[in-house]
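To start, the structure itself, in structure tokens.
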């Protein structure tokens, strides 16, 4: 498994736990990730994804609500909701990751951890999100992101 794929998997697992437990303890993410994975670049990218997704979760949720017509965010499957959050963060705040990569990885996570219909659902929503640019984001202001640095995708 590629390092960044593994990072996304770890990030999804942690975001899923936060969502289910109603806990916002991102500070425990490092312990979780390092317990599950020993490769440093993999753990670093996973932590960047977790922290970034949680930092922008309100904006991300607003974007998903606007794009996911006739879908209530709270009624989506927990896995699907968190795959969408993670991928939306990547699409809009990680300028170094090609949108196609973020979308494909999200589809695969949905297929692997959710239902057989999740891939199409996730693809449909992310396809609408990929061209958006949130205000005050590194993407729109030209600031660099923590994910930059040339790590393999």
Flag for residue 47 being within 13 Å of the chain's Cα centre (by Cα) and either within 19 Å of residue 127 (Cβ to Cβ) or modelled with pLDDT of 95 or more (or both) = yes
Could you look through the stretch 104-121, keep only residues that are under 18 Å from residue 7 (Cβ atoms) and crowded, with 20+ Cβ neighbours inside 10 Å, and pick out the one that is nearest to the chain's Cα centre (by Cα)?
-> 106
Determine if the stretch 68-76 includes at least one residue that is touching a helix residue (DSSP H, G or I) at 6+ places or on another chain (Cβ under 6 Å) and crowded, with 23+ Cβ neighbours inside 10 Å.
-> no
Out of 18, 28, 10, 73, report the one residue that is out of contact with any strand residue (DSSP E or B) (no Cβ under 9 Å at 6 or more places or on another chain), at negative phi and at pLDDT 95 or above.
-> 10
Residues in the stretch 11-52 that are surrounded by fewer than 15 Cβ atoms within 10 Å (Cβ to Cβ) and closer than 18 Å to residue 74 by Cα: how many?
-> 5
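The values are calculated or read from the model by the stated rules, or taken from the named source; none is laboratory data. Everything numeric here is computed off the predicted structure, so don't read it as measured data. Heads up, the Cβs are rebuilt from the backbone with ideal geometry, glycines too, and the neighbour counts pull from every protein chain shown.
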